[in-house]
Each structure stands twice: as C-alpha cells, then as structure tokens.
Amino acid sequence: MTWPGPIELGRGVVVPAGTAAPVPWHGASRLRVDDDVVAEPGTTVDALHRAWATRSPVVVELAVDPAAIRQPVDHAVEPWVAGAEFEPWLDRLHFLVWANNYDVRSGQPVWWWARKAAAHGAVEADQADVILPDGTPAWIDGGPRSALLTTGAAVVHTDTVDAGQLDPIPPPVAPGIELDPEQRSAVGHDAGPARVVAPAGSGKTRVLTERLRHLIADRGYETAGLLAVAYNKEAQREMAARTRQGGARIQTLNAWGYQLVTRILGRRPEVVEERAARAIVEGLVPRPVRRVNTDPFARYLEGLSLIRLGLRPPQQVEDSFGDVPGLAAAFGPYRAELAQRRIIDFDEQIYLAVERLLADGALRRQLQSEHRHLLVDEFQDLTPAHVLLIRLLSCPAYDVYAVGDDDQTIYSHVGADPRFLVDFDRYFPGASHHALAVNYRCPAVVTRAAAKLLVYNEVRVAKDIRPGREVSTAGDGLELRPHPLAAGAATVVKVVEGWLAGGHRPEEMAVLTRVQSLLLGPHLALRS
C-alpha cells in the first residue's frame, strides 16, 4: 500500500501506548485514549472531531482495548433528563479514532477501509489504496464527504463503501438551475454541517430542494443514507414535486418519527386523535374545577406536549402551569396506558423514538447508518425533542444541512427555540454558515419595514434583508394605521370597505391577528 496518502486527505495514525509516531506524523498533534478518556471523553472527542473535520493529521495513542469503545452504549435516561444537548460520546469516540486514521499497532500500516473495499470487489494496491473493478486506482476517503479533493486518482468515500458500492465521487458540478449568488453558495456547500438562514421570500424551499437534487444527481450521494425532513405535509409535497427523480427520501417530522417507532416496535401502532388522549388523561388526574368557556383538560394535554416535545421535567411543567394538579404523577401512567393499548398519540411518535434510541445503543448505531446526511426544513421551529432526535441519528459526523429563519419561530409554546438555529455550531460542531438576503416575494416597502422591525428581536442572527430587483417599488404596498385599542375592529372595517370600493373582491383579502381571540371583534364587525 502507499502511505501516508495524499496530504489533501489529512490522514492520521493509531499507535500503541508509548510508541513513537511514524516519521510522516512527527509534527502532528498526539491524543491519548485511555481509561480516563473513556470515562470522560468530551475534551478528547472535541479535539478529534476538529482534526477530522479540518483534515488535520493526528496521532492517536490507543491505551485501551478497542472493544472498550467499539460496543454501542445503552443510555438509561429519560429524554427530558437528557435534553437536546445530550452527547453519545462513545459513539463519536469510536468513529473518530478509526474514520480517517491508519492502524499501525502491529508495526505495519493497515488502512481498514481498503480491506472493506476489497470485500466488495476492489484490490488493495501500491499506487493508491485500491484498484477498482474497472481498473481505476482509487483512494478510500474517511474524512468529511467532499467533492473538491484533488488527489491525482479517483476517490471513493467510506459512506459508499459502507453501502456496499465502489462508485467514485463525481467531478465537481455547479448547482444546475438559476440561483442568485447566495443561493448558489448555499446549494453548493461542500462538506460537513451547514446552517442556511433564509428570511421570508428568499427562496428557502428552492434552496433545500435543489440541494437535495444536487447531492443525489451531481454528487452521487447514496439515497439510503440521505433524508430530507420537511416540517409539515404541505412542505413535503412541494419538495417531492420538485425532486421527482433520484429516489430521494422526503418525510415530515411526524412521519419520520412514526417510521422509526414502527421499526422499533415491529408493528404499525394506531395513532390516536386528541379525543382518545383526553379520555386517558381524565382517568389519571384529579377532576378539575370547571369554568365557563374553558376546557379543563386542554391544559393537561398541553403539559404532556411540553414534557415530551419541550423535554421539560414533568414536575417543572406542573408547577409552571399552576392549574394542572397531578400532571407529573400522571405522565408515566399515561404513557404506560398508551403502550398497554398498543397505540400512540402524535407527540409519542417523537418521544418514543428518542427514548428507544437512547436506551438501545445497537439500534442507534444501526439507524445512524441510514441518516448520514440530513436536510432539515424550518429549523427554528424544532423543539428540543426534534433536535435530540436529529442529533442522535446524524451522530457521529453530525452532517446536518439546516434551513430556517430565527425571526419566524411560531411553536415556542411546545419548546421550539430560535437558539437552535442561532447557536447551531453548539449542536453541530464545525458548521459552515450561509445566508440568503434577497426577498423575492414582497414589495420593497414591506421588505424594508420588516427588516427594521426584526432588529428588535432579542435572540436572532444578525442579517441583511433586501428586496429583489423585480419586486414592486411602489410606496402603497404598506400602510400603518395606528388606532386606540377599542377601535381595532372599526379600523379593519374601514380598510376592507376601502378595498371593496377600489374593486377588490372579498376572496382576495385576509385579516390576520396576533392571537385567535383578537379575531372576534373584526369577525362580528364585518358581518354587520
């Protein structure tokens, strides 16, 4: 075999404890993996991940039996205790020790990926790692999956070898449809996790779907390890319509959770509606005092959602709500009753999947191989449970392409937090950042007004938002009408009457309010 391989690949070595590094790595950083590291792996894993992500050669001094880090770990912890930041450290340690490092523990260098490729028909070689079945010399790359490596020979990524294939990474190809410079940069992102901040009207769905098409059609990604996650069914249909070819996997969050639960349970559980969930809750909590125009059990259902999707401790949720006595005590029995009846509700699709992935390390590692590259829509509206699910399955490489707008979080009542997008690097280390800046949807006056208003958000990514060149520049696209609090409905009526007088049809109009209760006044006023 030829070693140390092209410098662009950034390979390191694994050596026995107390052994000097081979000559090509005399200046490389040295990291020791011993019993103390296995017990507290965080610092070493972070250093290994940085070296792997940046292709910086490293010497790993292995002072433990490899079996100590090879076996998947079962984590007997409630998801609400784990939280969105939970790290399966040993999953990552095992991967990073071997992903892009030669094994020289026996005195002779071994590139295990060449051995694996040989099992699929390649032949280990001197002029590269292997000779492919068609006679092409090739390197088997264990670093982040890149389209830009220039090694003088073909490159096959280890993802491809794991999938039982030997197809080389195709030559670089620019994204294939008309895109503006920011969109093109985001779609053409090379390797590793990425955050794409996409304000309203900036082409978010176009970028996400073109990225998916680009990975499959232009860069040869195996669909078995690639998943696009849409926030709802409408977005899923739109992405599927735009990506008809290539066999892309596109699922909503709940459909993804349901598929995982189905595999975990070995059956397709019935997903019950709110009425069935309410009936179970009624038998588990003290009978609440009924009040006029209130639903006494709705708050319990909200609390169950906040525990499971927001990953909040049950007692903390009960205490913060103040009007749900017995909620914490009912949480376990409620889930037990679901299991006994062999049913699940909507939130259980996510919570049960997370719970089992934590508890079953072998299952987690098996499913991780099917989620090597995730594309995720509306990232700002993910709850802690969603983020934990994504992190458990995208681990150990955390190759997640997240698109969203931190100024548009609307599901905070169940724990969604724009900080997951703002602090993206904290959850997906080494991420690249892309920003879409042009609003192609709204008149220029609306875009500029929105940009001024949004700077008052306290938790956000600082961003440039500007109107597209082809949008309306007329000044009548936005009108502000201040009014006393009690005159809101009357003001709406005057505006609507003005539109009607100007020739607009009622079906062209919409009245929006911040909360549903504010619609009552305009609704009554417009009926009269």
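The rows are residues; the columns are (1) over 25 Å from ALA416 (Cα atoms); (2) of a type outside the set (Gly, Ala, Ser); (3) open to solvent by 60 Å² or more (accessible area, probe 1.4 Å).
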position	(1), (2), (3)
LEU265	yes, yes, no
PRO288	yes, yes, no
ASP295	no, yes, yes
ASP319	no, yes, yes
GLN340	yes, yes, yes
Between a first residue in region 248-276 that is in contact (Cβ under 8 Å) with a residue 60 or more places away in the chain and part of a loop (DSSP other than H, G, I, E, B) and a second residue that is of a type in the set (D, E, K, R) and open to solvent by 50 Å² or more (accessible area, probe 1.4 Å), which pairs have beta carbons less than 9 Å apart while being 6 or more apart in sequence or on different chains? ARG267/ARG342; PRO269/ARG342; VAL272/ARG341
Note on region 3-29: residues over 32 Å from the mean Cα position of the chain (by Cα), within 22 Å of PRO144 (Cβ to Cβ) and among the polar types (S, T, N, Q) are none
Determine whether region 190-205 contains at least one residue that is surrounded by fewer than 20 Cβ atoms within 10 Å (Cβ to Cβ) and modelled with pLDDT of 95 or more. yes
Which ones in region 342-378 are farther than 13 Å from LEU260 by Cα, open to solvent by 10 Å² or more (accessible area, probe 1.4 Å) and in contact with a Pro (Cβ under 7 Å, 6 or more places away or on another chain)? ARG342, ILE343, ALA362, ARG365
For region 402-423, what are the residues that are closer than 27 Å to PHE95 by Cα, open to solvent by 10 Å² or more (accessible area, probe 1.4 Å) and not in a loop (DSSP other than H, G, I, E, B)? PHE420
Residue selected from region 384-417 under the condition among the polar types (S, T, N, Q) and over 11 Å from the mean Cα position of the chain (by Cα), by the criterion farthest from ARG206 (Cα to Cα): SER412
For region 51-75, which positions are more than 27 Å from PRO24 (Cβ to Cβ), open to solvent by less than 60 Å² (accessible area, probe 1.4 Å) and out of contact with any helix residue (DSSP H, G or I) (no Cβ under 6 Å at 6 or more places or on another chain)? ALA67
Pull up region 307-317, narrow it to residues that are among the aliphatic types (A, V, I, L, M) and open to solvent by less than 10 Å² (accessible area, probe 1.4 Å), then point me to the one that is nearest to THR383 (Cα to Cα). ILE307
Residues of region 408-457 being in contact with a helix residue (DSSP H, G or I) (Cβ under 8 Å, 6 or more places away or on another chain) and among the β-branched types (Val, Ile, Thr), in sequence order, are THR409, ILE410, VAL414, VAL422, VAL438, VAL445, VAL446
Of the numbered conditions (1) part of a loop (DSSP other than H, G, I, E, B); (2) open to solvent by less than 60 Å² (accessible area, probe 1.4 Å), ALA462 fails exactly one; give the number of that condition. (2)
Could you list, in sequence order, all residues of region 378-398 that are within 16 Å of ARG426 (Cβ to Cβ) and touching a strand residue (DSSP E or B) at 6+ places or on another chain (Cβ under 7 Å)? PHE379, GLN380, ILE390, SER394
Please count how many residues of region 76-91 are assigned to a loop (DSSP other than H, G, I, E, B), under 19 Å from ASP36 (Cα atoms) and open to solvent by 30 Å² or more (accessible area, probe 1.4 Å). 1
Matching residues in region 30-45 - criterion: being over 31 Å from the mean Cα position of the chain (by Cα) and open to solvent by 80 Å² or more (accessible area, probe 1.4 Å): ARG30, ARG32, ASP35, ASP36
What's the total number of residues in region 106-134 that are open to solvent by 50 Å² or more (accessible area, probe 1.4 Å), in a loop (DSSP other than H, G, I, E, B) and more than 10 Å from LEU166 (Cβ to Cβ)? 6
Given (1) open to solvent by 50 Å² or more (accessible area, probe 1.4 Å); (2) part of a helix (DSSP H, G or I), where does VAL511 come up short, assuming only one miss? (2)
All but one of (1) modelled with pLDDT under 95; (2) part of a loop (DSSP other than H, G, I, E, B) hold for LEU208; which doesn't? (2)
Taking ASP381 as the residue in question, decide whether it is open to solvent by 20 Å² or more (accessible area, probe 1.4 Å), out of contact with any helix residue (DSSP H, G or I) (no Cβ under 6 Å at 6 or more places or on another chain) and over 22 Å from ALA277 (Cα atoms). no
Checking the condition part of a helix (DSSP H, G or I), without any contact (Cβ under 8 Å) to a residue 60 or more places away in the chain, within 30 Å of LEU227 (Cβ to Cβ) and over 24 Å from the mean Cα position of the chain (by Cα), which residue from ALA328, ALA339 passes? ALA339
Which of the residues spanning region 465-493 are surrounded by fewer than 13 Cβ atoms within 10 Å (Cβ to Cβ) and either touching a residue at least 40 places away in the same chain (Cβ under 8 Å) or under 28 Å from LEU520 (Cβ atoms) (or both)? GLU479, LEU480, ARG481, PRO482, HIS483, PRO484, LEU485, ALA486
Boolean, LEU519 is in a helix (DSSP H, G or I) and surrounded by 11 or more Cβ atoms within 10 Å (Cβ to Cβ): yes
Can you report the number of residues in region 267-286 which are open to solvent by less than 40 Å² (accessible area, probe 1.4 Å), closer than 25 Å to ASN232 by Cα and of a type in the set (A, V, I, L, M, F, W, C)? 3
Check region 470-492 and report whether any residue there is part of a loop (DSSP other than H, G, I, E, B), within 18 Å of GLY203 (Cα to Cα) and at pLDDT 85 or above. no
Of residues in region 217-234 being in a helix (DSSP H, G or I) and open to solvent by 30 Å² or more (accessible area, probe 1.4 Å), the one farthest from LEU260 (Cα to Cα): ALA217
Which of (1) in contact (Cβ under 8 Å) with a residue 40 or more places away in the chain; (2) under 19 Å from ARG391 (Cα atoms); (3) not aliphatic (A, V, I, L, M) does ASN439 not meet, given it meets every other one? (2)
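The values are calculated or read from the model by the stated rules, or taken from the named source; none is laboratory data. From a predicted model like this one, the values you see are computed outputs, not experimental measurements. Cβ atoms come from the backbone with ideal geometry, glycine included; neighbour counts cover every protein chain shown. The area values use the complete protein model at the heavy-atom level, side chains included, leaving out ligands, DNA and RNA. Shrake-Rupley method; radii C 1.70, N 1.55, O 1.52, S 1.80 Å.
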